[in-house]
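This report concerns only the one structure given below.
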Amino acid sequence: MKTTKIMLNGYNGKLGRAIIEAAAEKAGEFIIAAGADINTAPISADFPKFAKLPDCGEKPDIIEIIIDCSHHSAAGAILEYSENTQTPIVICTTGHTPEELALIKSYSEKIAVFKSANMSLGVNLVAELAKKAAALLKNDFDIEIIEKHHNKKIDAPSGTALMLADEISSVFDGFEDSNKPEYIYERQSVKKARSKKEIGLHAVRGGTIIGEHEVIFAGANELISISHSAQSREMFANGALAAAKFLAGKPCGLYSMKDLIQEITGD
């Protein structure tokens, strides 16, 4: 079994720590060979640690993949380091600005980049199911998306909720600007009846909710719901590791969970 050697950026965050634990449980398959985090509080994990990814200097020969779970605002510096060292990168952060997303796309022409709004295989399956449901129901059902997260999450709606909305919107005649649905974020500011071209997105923040997403298709006298509930961050960590293994050896390009799922299923 080939061992995938990882540089973990943001190792001291919640997801970073979950990735360390998940890698330890898959001994021989993954190794966290080095890490970087501006939070330098000590942890028990035994690997070289740096305050910032560029502080690592030239990429050690043992590093094959970077997993970034730090903060979206660091995208520029992280991508630059990835290009300078020609190291493929898995981006687990969310909340990117349009400028940051454009930057990620431009760097993917020079390095292999894996980007997903959610690293869970289950959530991405929900996205595919919601897309198929929308293709059948879009003309007769109202579509609403509800997401729930812990009280520390800053961005709203979540990147996953937007991913779900985009997947659903793509079935509306090619997702062209003239025909794509309108995303409605705050209904209290919309004083009119709901139109068929709307997708409502609703964010709930409270407690320690890890992540819940529900897509509602509301029709005449019937309601269809497709949902996903995260029970722990372990599934996100396992998804990030699966993405790292998938990305190893891939040519330049922008990859996502769709590509990983297709490779697994052979579709």
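The values are calculated or read from the model by the stated rules, or taken from the named source; none is laboratory data. Quantities reported herein were computed from a predicted structural model and do not represent experimental measurements. Positions of Cβ are backbone-derived with ideal geometry, glycine not excepted, and every protein chain shown enters the neighbour counts.
Summary table below
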| item | result |
| --- | --- |
| Residue count for the stretch 205-228, restricted to those that are under 23 Å from the mean Cα position of the chain (by Cα) and closer than 18 Å to Ile143 by Cβ | 9 |
| Members of the stretch 23-32 that are assigned to a helix (DSSP H, G or I) and without any contact (Cβ under 8 Å) to a residue 60 or more places away in the chain | Ala24, Glu25 |
| Residue satisfying all of: in the stretch 40-95; among the charged types (D, E, K, R) and at pLDDT 85 or above; farthest from Ser108 (Cα to Cα) among these | Asp46 |
| Pairs, first of a type in the set (Val, Ile, Thr) in the stretch 179-199, second in a loop (DSSP other than H, G, I, E, B) and modelled with pLDDT of 80 or more, C-beta under 7 Å, six or more apart | Ile199/Pro181 |
| Qualifying residue in the stretch 55-62 (condition: surrounded by fewer than 15 Cβ atoms within 10 Å (Cβ to Cβ), among the basic types (Lys, Arg) and part of a loop (DSSP other than H, G, I, E, B)) | no |
| Those residues of the stretch 108-132 which are in contact with a helix residue (DSSP H, G or I) (Cβ under 8 Å, 6 or more places away or on another chain) and either of a type in the set (D, E, K, R) or part of a helix (DSSP H, G or I) (or both), in sequence order | Lys110, Lys115, Leu121, Gly122, Val123, Asn124, Leu125, Val126, Ala127, Glu128, Ala130, Lys131 |
| Residues (outside any helix (DSSP H, G or I) and within 30 Å of Asn238 (Cα to Cα)) located in the stretch 133-145 | Glu144, Ile145 |
| Residues that are in contact (Cβ under 8 Å) with a residue 60 or more places away in the chain, out of contact with any Lys or Arg (no Cβ under 8 Å at 6 or more places or on another chain) and farther than 23 Å from Gln86 by Cβ, drawn from the stretch 4-22 | Glu21, Ala22 |
| Test: residue in the stretch 115-125 that is surrounded by 24 or more Cβ atoms within 10 Å (Cβ to Cβ), more than 19 Å from Glu212 (Cα to Cα), of a type outside the set (Ser, Thr, Tyr) and assigned by TED's automatic domain parsing to the domain that holds Cys92 | no |
| Within the stretch 153-267, strands (runs of 3 or more DSSP E) holding 1 or more residues that are polar (S, T, N, Q) and surrounded by 12 or more Cβ atoms within 10 Å (Cβ to Cβ) | 222-229 |
| Only listed residue being part of a helix (DSSP H, G or I), at pLDDT 95 or above and of a type in the set (D, E, K, R), chosen from Lys105, Lys148 | Lys105 |
